[in-house]
Amino acid sequence: MDSEEYEKRAAIISSCLEMNRTGINQGTSGNISVRHGDGLLITPTSMPYDRLEPEDIVFLAPDGTPQGRNRPSSEWRFHRDILASRTDLNAVVHAHPTYCTTLAILGKKIPPLHYMVAVCGGSDIRCAPYALFGSAELSAHALTALEDRTACLLKHHGVIVVGSSLATAMWRMVEVETLARQYHACLATGTEPPLLSDNQIEEVLAKFNGYGLGQQHDA
Ligand code: 13P
């Protein structure tokens, strides 16, 4: 393994540990992948993050064939399919954060209640219909919900966030969970919050680009 690959594997592990430390994730749920060559590097299935070593990360060829001492995440299909269909992206992060997952259980998308929703590329963060974890059907639903977006909720499951780099995807994950928490807090008052218009969100998107935040706002 060359130093570039080693660094990618180490970054995946430190991002997993960060998700657990910040409460974005818990236990062995969640998984991370990063594009590598013509395939991807992905977390192994059901292994506690604090025991992971760089050699535990699995390389997955484009046809889904794994290489390494572990089995790949059960969600390897959507990781592979997202990276195959979105060549502008290099990282996929999946987790079950409490507020995103609460909205996903309710089948709610995150509407434009705050201008930061635009960091996911548009005026909402969609909720994909339910399908069994790890299934090709779930992957197809996720791809549709991610069209022109960099995040989507998964009904009765959790959230997927993507980025041009792992650091960007991790940053975006915190923003999405924050939006979900804000939406949940609004709903807890017993009212649906007032929303920004499409024009207002377009204005925000234009201003993000104008401020050179394109790297982070890569929908
Ligand atoms: P893996 O341990 O197989 O990655 O599964 C965790 C998960 O969150 C499935 O959705």
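The values are calculated or read from the model by the stated rules, or taken from the named source; none is laboratory data. In this text the structure is predicted, and so the values were computed from the model without any measurement. FYI the Cβ positions are ideal-geometry reconstructions off the backbone, even for glycines, and counts take in every protein chain you see. Ligands, DNA and RNA are excluded from the accessible area calculation, which covers all protein heavy atoms including side chains. Shrake-Rupley method; radii C 1.70, N 1.55, O 1.52, S 1.80 Å.
General remarks:
- Filter result for residue 117 (within 15 Å of residue 159 (Cβ to Cβ) and either open to solvent by 30 Å² or more (accessible area, probe 1.4 Å) or in a strand (DSSP E or B) (or both)): no
Here is a yes/no grid of residues against (1) free of Cβ contacts under 8 Å to residues at least 12 places away in the same chain; (2) in contact with a Pro (Cβ under 6 Å, 6 or more places away or on another chain); (3) within 12 Å of the ligand (Cβ to nearest atom):
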{"position": "22", "(1), (2), (3)": "no, no, no"}
{"position": "30", "(1), (2), (3)": "no, no, yes"}
{"position": "44", "(1), (2), (3)": "no, no, yes"}
{"position": "49", "(1), (2), (3)": "no, no, yes"}
{"position": "53", "(1), (2), (3)": "no, no, no"}
{"position": "58", "(1), (2), (3)": "no, yes, yes"}
{"position": "63", "(1), (2), (3)": "yes, no, no"}
{"position": "73", "(1), (2), (3)": "no, no, yes"}
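- So residue 103, is it part of a helix (DSSP H, G or I), within 16 Å of the ligand (Cβ to nearest atom) and in contact with a strand residue (DSSP E or B) (Cβ under 9 Å, 6 or more places away or on another chain): no
- Condition met for residue 172 (more than 16 Å from the ligand (Cβ to nearest atom), within 14 Å of residue 122 (Cα to Cα), open to solvent by 10 Å² or more (accessible area, probe 1.4 Å) and at pLDDT 95 or above): no
- Among the candidates 103, 138, residue that is open to solvent by less than 20 Å² (accessible area, probe 1.4 Å) and under 26 Å from residue 193 (Cα atoms): 103
- Residue in region 41-64 that is surrounded by fewer than 18 Cβ atoms within 10 Å (Cβ to Cβ), assigned to a helix (DSSP H, G or I) and aliphatic (A, V, I, L, M) present: no
- One residue stands out in region 1-20 among those that are surrounded by 18 or more Cβ atoms within 10 Å (Cβ to Cβ) and among the charged types (D, E, K, R): the one that is farthest from the ligand (Cβ to nearest atom), namely 8.
- Residue 143 being under 13 Å from the mean Cα position of the chain (by Cα) and either closer than 14 Å to residue 32 by Cα or modelled with pLDDT under 95 (or both): no
- Per-region count, region 82-100, residues within 25 Å of residue 179 (Cβ to Cβ) and surrounded by fewer than 21 Cβ atoms within 10 Å (Cβ to Cβ): 7
- When restricted to residues that are among the aliphatic types (A, V, I, L, M), under 20 Å from residue 88 (Cα atoms), touching a strand residue (DSSP E or B) at 6+ places or on another chain (Cβ under 7 Å) and not in a loop (DSSP other than H, G, I, E, B), region 120-148 contains 3.
- Conditions (1) touching a helix residue (DSSP H, G or I) at 6+ places or on another chain (Cβ under 7 Å); (2) free of Cβ contacts under 8 Å to residues at least 12 places away in the same chain; (3) within 15 Å of residue 33 (Cβ to Cβ): number failed by residue 132: (3)
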